[in-house]
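The values are calculated or read from the model by the stated rules, or taken from the named source; none is laboratory data. Predicted model, so just to flag it, every value in this text is computed and none were measured. Don't worry about glycine lacking a Cβ; one is built from the backbone with ideal geometry, like all the others, and counts go over all protein chains shown. Areas reflect the complete protein model, heavy atoms only, side chains present, ligands, DNA and RNA absent. Shrake-Rupley method; radii C 1.70, N 1.55, O 1.52, S 1.80 Å.
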Amino acid sequence: MPSTVVHMAVAGLIGAALLGTAFDRRSVLILFGAMIAADLDSFVGLVSVVGHRTAFHTLLVPITAAVVLLVDLRRGEGSWVRRRWGPRGVRITWVTIVAYAGAAIGLDLFSAGGANPFWPLHDQFYVIDGKIELSSRRGIVQTFVDLGSERGGDASSSETVARGTSRDVNVSTGIDPNPDGGDTAEPVDRVFPVVRSGWQLLVLVVGTTVTAARFYVDQTVPAE
């Protein structure tokens, strides 16, 4: 599973791409804070069966935030966000919502372990996985969704799987290393991951480098 720092690296990339003139230390810290907030559901797991990758990893969080922001902005000059922080605040809020959906939830949903993206409306962990290929004999081949005997495609079984409900799936974290209970006689090994695969290391290095480079460019290149 991607660590919090990997989520932050992707959020930095999103910020560098979308924040525009609002990109600065404070706005990036807001994005990083959103990534940390999403992973705080590790603490929820200490007191509830609804724990990590469920409570704060539901798409209802960014969707609700987007709806609330849209309703507020429709008030025009009476918008609380616009009056409080101006156009800069509006942009940062939108980018934070996008980063929360894509970097905080998306990375987990598309990696081992998955996430519970529709909780509490639909309590089910999903792992989205598969491939898309162009074959000279089979045409377009995709295994993300089982489309059966689609025309020109491959009737492959889907690699996207449902893993079970929040009661069935318990994600181990450094905060709650033994969510399933069981024998705790041995000393508990609390593991706080940084990177757990080559692609995560690549994302961490690229995201950190691009974010740092954006700071450097903004400080050295004069505004037109």
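Looking at (1) β-branched (Val, Ile, Thr); (2) out of contact with any Gly (no Cβ under 8 Å at 6 or more places or on another chain); (3) at pLDDT below 95, which is the one condition that is false for residue 5?
With (1) β-branched (Val, Ile, Thr); (2) out of contact with any Gly (no Cβ under 8 Å at 6 or more places or on another chain); (3) at pLDDT below 95 applied to residue 5, the lone miss is (3).
Looking at 68, 127, 95, which is the one that is more than 30 Å from residue 159 (Cα to Cα), open to solvent by less than 40 Å² (accessible area, probe 1.4 Å) and of a type in the set (A, V, I, L, M)?
It is 95.
Looking at residue 105 and the list (1) of a type outside the set (Phe, Trp, Tyr); (2) in contact with a strand residue (DSSP E or B) (Cβ under 9 Å, 6 or more places away or on another chain); (3) within 14 Å of residue 170 (Cα to Cα), which single condition is not satisfied?
Result: residue 105 passes all but (3).
Only residues that are over 12 Å from the mean Cα position of the chain (by Cα) and not hydrophobic (A, V, I, L, M, F, W, C): list them for the stretch 1-42, please.
12, 15, 20, 21, 24, 25, 26, 27, 33, 41, 42
Looking only at the stretch 16-37, count how many residues are out of contact with any helix residue (DSSP H, G or I) (no Cβ under 6 Å at 6 or more places or on another chain) and of a type in the set (S, T, N, Q).
Residues that pass the stated criteria total 1.
Look at the stretch 193-216 and say how many of its residues are open to solvent by 70 Å² or more (accessible area, probe 1.4 Å) and either assigned to a helix (DSSP H, G or I) or aromatic (Phe, Trp, Tyr) (or both).
7
Report every pair of residues separated by at least 6 positions or lying on different chains whose Cβ atoms are under 7 Å apart, first residue within the stretch 55-76 and more than 16 Å from residue 89 (Cα to Cα), second in a helix (DSSP H, G or I) and of a type in the set (Gly, Ala, Ser).
Matching pairs, first to second residue: 56/37; 56/38; 57/38; 59/101; 62/101.
Taking interchain pairs and intrachain pairs at least six residues apart, which have beta carbon atoms under 9 angstrom, with the first residue in the stretch 14-25 and aliphatic (A, V, I, L, M) and the second crowded, with 16+ Cβ neighbours inside 10 Å and not in a helix (DSSP H, G or I)?
Filtered contacts from the stretch 14-25: 16/23.
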